[in-house]
Amino acid sequence: MRSPLYIVLLVVLIIIGCGEEDKVAKEVNNIALELRISRFDNEFADASADDIPKLRKEYPFLFPAPDSVWIAKLQDSLQIELRGEVKNEFKNFDREKTDIALLFKHIKYYFPKYEVPRVITVTNDVEYNNRIILADSLLFIGLDNYLGPEHKYYSNLQNFIAQDMDRDFIVSNIASAFANKVVSRPKERTFLAQIIYYGKILYLKDKIMPFHPDEQKITYSEDELAWAEANEEPMWRHFIENELLYSTDNRLSPRFIDPAPFSKFGLELDNESPGQLGRYLGWQIVRSFMNKNDVSLQQLLSLSAEDIFKKSNYKPNK
């Protein structure tokens, strides 16, 4: 049984935490932000051959090829169908615009010097590995990668790939692209260093996209996140008992870190599990560390996996 003092302290910490969240939300909302979104996908879909020079002038970075290539794309029946599917799904982009603006406001709050890029929506022939491209001043979103997991264009893809090809994951994918620029890859090759690297990315997403649920941050379904939460303790026990944390075995990444249909413990439960469970556990370690240490977000990003792990006093939920 918890002591009365413990309960009082817990309530106080919750109140303080809520107060901090309210303060951040208020300051974020007060950040002035000019977000420019250009619907190139729509402009090109509505264009004729005579419009190509005008589009080239407006979007020179999209037109390395000669006009004849773009005119051929305008007339190609498969490209016409693709643009039609995108136009039908994204008749309205208002919700995404609001959420992208809120994401960049949170990024500006934690990284004040960050220059918000111009956002350009395009089609990219369902090149899902490049659905989001974040350059210094430009952010490209390939909308044909967000038509919904059941869309016919994705029928040949494995379910674990298609499941996040939905417009609900656009903000999460943008946040990941930003995180990849500010979270340095670990120099150590240990499994612990790898999972805490991804834990930092997911914790950063906690801070810059708190308005989206956890399953969208890690690109899980609700059921997959529930499975990870319910099995956190046995997963952690498996890693400890098999001495995996300080292993440098390259085979651990495809088993527990890389996107996959399921994680590979070598147990009967494998087919029930989601992939990327190493990332999930790294996330919980980083969260535990931040709950127990007075460290800024920028300081966290520069700390070693070993420091984070030792000071996290991580104990999985049972």
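Throughout, read-outs are computed from the coordinates displayed, never taken from laboratory work. As the structure is a computational prediction, the values presented were derived from the model and not from experiment. With ideal geometry, Cβ positions are generated from the backbone for all residues, glycine too; neighbour counts draw on all protein chains shown.
Quick one: Leu103, Leu74, fewest Cβ neighbours within 10 Å first, how do they rank?
The fewest-first ordering by Cβ neighbours comes to Leu74, Leu103.
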Simple Cβ-charge dipole of the chain, Lys/Arg +1 and Asp/Glu -1, about Cα centre, in debye nearest 20: 1180
By how many nm would the segment from Leu267 to Ser155 lengthen if fully extended, with 0.36 nm per residue of separation less the alpha-carbon distance? 37.4 nm
Treating only the Cβ atoms of Lys and Arg (+1) and Asp and Glu (-1) as charged, compute the dipole magnitude of the stretch 180-239 about its Cα centre; round to the nearest 20 debye. 660
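What is the calculated FRET efficiency for Asn180 to Glu81, with r their C-beta to C-beta distance and R₀ = 30 Å, to the nearest 0.05? If you can, show how the numbers build up before the last one.
Numbers: r = 32 Å, r/R0 = 1.08.
About 0.40, to the nearest 0.05.
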Quick check: pseudo-label points 7 Å beyond the Cα along Cα→Cβ at Ile37 and Gln299, how many nm apart are they? 3.7
Of Ile37, Ser221, Ser302, whose Cα points farthest to the positive end of the dipole of the chain (charges on the beta-carbon: +1 Lys, Arg; -1 Asp, Glu; origin at the Cα centre)? Ser302
So what are the ³J(HN,Hα) numbers for the stretch 165-176, from phi and the Karplus equation (6.51, -1.76, 1.60; θ = phi - 60°), rounded to whole Hz, Gly and Pro as x? 8, 9, 4, 5, 9, 4, 5, 4, 5, 5, 4, 5
For the stretch 92-204, projected area of the alpha-carbon convex hull averaged over all directions, nm²: 8.3
Can you give the Kirkwood hydrodynamic radius of the chain from its Cα pairs, in Å with one decimal? 21.8
What is the list of residues in the stretch 42-86 whose amide nitrogen lies under 13 Å from a point 7 angstrom out from the Cα of Asn130, following Cα to Cβ? 62-65
For a protection proxy built on the mean count of beta-carbon atoms within 10 angstrom, sort 251-261, 149-159 highest first, please. 251-261, 149-159
Between the stretch 162-194 and the stretch 28-82, what is the separation of their alpha carbon centroids in Å? 28
Taking the convex hull of the alpha-carbon atoms of the stretch 191-312 and averaging its shadow over every direction gives an area in square nanometres of 7.3
Taking a point 7 angstrom from the Cα of Leu62 along the C-beta vector, which residues in the stretch 93-128 have backbone N less than 13 Å away? 119-125
If amide H atoms are built 1.01 Å from N in the plane of the peptide, which residues on other chains or at least 5 residues away come under 5 Å of the amide H of Ser38? Val119, Ile120, Thr121
Any chance you could give the angle, 0 to 90 degrees and rounded to 10, that helix 4-29 forms with the longest Cα principal axis of the chain? 20
